[in-house]
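The values are calculated or read from the model by the stated rules, or taken from the named source; none is laboratory data. The model shown is predicted, which means the values in this text are computed figures rather than measured ones. With ideal geometry, Cβ positions are generated from the backbone for all residues, glycine too; neighbour counts draw on all protein chains shown.
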Amino acid sequence: MEDCRFQYVSGAAIQGLSPSAPRLPEEAVRNVRIRRCVVDHSWSTSGHCQGLFFNKVDGLLLEENVLDHNGYCVETGDLPTWFNHNVYITIECDRVVARGNIVARGSTTGIYCRTNGILENNLCLDNSPSLNLGRIGKFRPGGVTGRVADNVIIDGLSRQSARQGDVGGGPGIEVANVNMAGAVVERNIVIGSGAERHAAFTLSSGGVGLHNVTVRDNISYGWPGFIGWIGEPGTELEKLKLSDNLVKDNVFQLHDPQAEAKWAVRTRDTADAGGFTFSGNLYSRLSTIR
């Protein structure tokens, strides 16, 4: 599908057979390509609504599309929720590539990729979070692998604050449930908007854990933290399975040394971040690493 526009509808969906059907490989839709389309102002009065929704798609390319203001309509009182996104890709999809898209002002997440995927060269404006690889309460069995690279993320916090009264909003990039095949988060520019909590990059417990994840050559500005963990202090690192993860050659600048969360790397309830190696990173205007 190319050069189409979907506006003021209840979202567009592509999916294989219904969950009630036998789960056979033949039920997946294969090799879907959506290029240079515009999807904006999707909303619904009767349930959840995504700009684009994909389920049981094997081989998905999203390239050079514009997705804007999907999942809510303030004028009608259908306000944003955590369940609506600009793009929602379920754990039953595979081989996802999202490249060169403009993704803006989603109800919550810009591109919510719960499966194996490559998210690269996207411009994300005013989502919360902007990009997600692998994180969800229901994790993909066996974990995910992928790459999040060369994206520009701007203001991942402020709109969510205005929409839901949440002073923190969400992080710029979330990664979770990464298997031994690993994942790379590299060369992203992540610009925050001065909130008092959350980190530019958030790592989550659950699933298979985090293995062979490399976070390198990223630039983060205007966030109160560089890397943080999802969940409550005192519990999350006990759940995490971590091995051979590397955080290297990143640049982070704290937006406000008086912010409530004034840390670069937050390891929650342990003295160190076992399973992670930190090397060559530049932290400025920080109080401590803890």
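Within the stretch 116-142, how many residues are closer than 13 Å to Val175 by Cβ and either crowded, with 23+ Cβ neighbours inside 10 Å or polar (S, T, N, Q) (or both)?
Total meeting the criteria: 10.
Residue-by-condition table, conditions (1) modelled with pLDDT under 75; (2) assigned to a loop (DSSP other than H, G, I, E, B); (3) surrounded by 22 or more Cβ atoms within 10 Å (Cβ to Cβ):
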{"residue": "Ser161", "(1), (2), (3)": "yes, no, no"}
{"residue": "Asp166", "(1), (2), (3)": "yes, yes, no"}
{"residue": "Gly169", "(1), (2), (3)": "yes, yes, yes"}
{"residue": "Asn179", "(1), (2), (3)": "no, no, no"}
{"residue": "Gly182", "(1), (2), (3)": "no, no, no"}
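Are any residues in the stretch 1-54 of a type in the set (A, V, I, L, M, F, W, C), closer than 23 Å to Glu92 by Cα and at pLDDT below 85, and if so, which ones?
Across the stretch 1-54, the qualifying residues are Ala12, Ala13, Leu17, Ala21, Leu24, Ala28, Cys49.
For the stretch 93-103, which positions are part of a loop (DSSP other than H, G, I, E, B) and either hydroxyl-bearing (Ser, Thr, Tyr) or in contact with a Phe, Trp or Tyr (Cβ under 9 Å, 6 or more places away or on another chain) (or both)?
Cys93
Yes or no: the stretch 19-39 includes at least one residue that is among the hydroxyl-bearing types (Ser, Thr, Tyr), farther than 23 Å from Asp155 by Cβ and free of Cβ contacts under 8 Å to residues at least 24 places away in the same chain. Please lay out each step first, then the result.
As a first pass, look at the stretch 19-39 and keep what is among the hydroxyl-bearing types (Ser, Thr, Tyr): 20.
Still in the running and farther than 23 Å from Asp155 by Cβ: 20.
Okay, now just the ones that are also free of Cβ contacts under 8 Å to residues at least 24 places away in the same chain, so 20.
Yes, the stretch 19-39 has at least one match.
Select from the stretch 33-44 the residues that are surrounded by fewer than 18 Cβ atoms within 10 Å (Cβ to Cβ) and assigned to a strand (DSSP E or B) and list them in ascending order.
Result: Arg33, Arg35, Val38.
What number of residues in the stretch 64-79 are among the acidic types (Asp, Glu) and surrounded by fewer than 17 Cβ atoms within 10 Å (Cβ to Cβ)?
2
Within the stretch 204-226, is even one residue crowded, with 16+ Cβ neighbours inside 10 Å, of a type in the set (Lys, Arg) and either within 20 Å of Pro129 (Cβ to Cβ) or at pLDDT 85 or above (or both)?
Checking the stretch 204-226: at least one residue is crowded, with 16+ Cβ neighbours inside 10 Å, of a type in the set (Lys, Arg) and either within 20 Å of Pro129 (Cβ to Cβ) or at pLDDT 85 or above (or both).
For the stretch 51-86, enumerate the residues that are within 15 Å of Thr115 (Cβ to Cβ) and either of a type outside the set (A, V, I, L, M, F, W, C) or assigned to a loop (DSSP other than H, G, I, E, B) (or both).
If the condition is that a residue be within 15 Å of Thr115 (Cβ to Cβ) and either of a type outside the set (A, V, I, L, M, F, W, C) or assigned to a loop (DSSP other than H, G, I, E, B) (or both), then Asn55, Lys56, Asp58, Gly59, His85 are the ones that fit.
Does at least one position in the stretch 251-260 carry a residue that is within 21 Å of Ser279 (Cα to Cα), modelled with pLDDT of 80 or more and not hydrophobic (A, V, I, L, M, F, W, C)? Give the steps one after another, and end with the answer.
Initially, the stretch 251-260 is screened for residues within 21 Å of Ser279 (Cα to Cα), giving 251-254.
The next check asks that each one be modelled with pLDDT of 80 or more; those that pass are 251-253.
Of the ones still in play, those that are also not hydrophobic (A, V, I, L, M, F, W, C) are 253.
Yes, the conditions are met somewhere in the stretch 251-260.
If I filter the stretch 101-111 down to residues being buried (at least 24 other Cβ atoms within 10 Å of the Cβ) and touching a strand residue (DSSP E or B) at 6+ places or on another chain (Cβ under 8 Å), which single residue comes out as nearest to Val213 (Cα to Cα)?
For the stretch 101-111, the residue satisfying everything is Ile111.
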